[in-house]
Amino acid sequence: MNVPQTFRLISDFGVAIVALVAVAGFLGSLIWYILHQNKQREDNYVKFITNDLKHLSETSLLITKELNNFSTNNSEAHRYQREEHDKMIENQAKICSSIDKTHICLSEVEKSLVRINGYKK
């Protein structure tokens, strides 16, 4: 009688080999399932990180653009303030010059009045 190979293994090694094959098959399936779930989690994590990095990059570009705008506006404001300060300094110099000339004129007038009226100091 020709017995199939599986039955021959069972008859030679008993039920232990069948149990061992079943446990090995179960463990192989479990390992495959765990690896498959891990790959899905990793793919989801990569998508999440990629999306976050994309948003971070967009936010960084927006902040850089706003800082450049602020810097430009701030530079213009400082330039305008410097021009105003330069004008104020020029006007102050003109006023000081006028005061000096007025003082000289008043000194001349005082000398003339002293000479005309004969006042003595």
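The values are calculated or read from the model by the stated rules, or taken from the named source; none is laboratory data. None of these values were measured; they are calculated from a predicted model. Positions of Cβ are backbone-derived with ideal geometry, glycine not excepted, and every protein chain shown enters the neighbour counts.
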Hey, does segment 1-20 have a residue that's outside any helix (DSSP H, G or I), among the β-branched types (Val, Ile, Thr) and without any contact (Cβ under 8 Å) to a residue 12 or more places away in the chain?
yes
Residues Arg79, Arg115: which one is surrounded by fewer than 10 Cβ atoms within 10 Å (Cβ to Cβ) and either in a helix (DSSP H, G or I) or free of Cβ contacts under 8 Å to residues at least 40 places away in the same chain (or both)?
Arg115
Would you call Asp86 acidic (Asp, Glu), assigned to a helix (DSSP H, G or I) and modelled with pLDDT under 90?
no
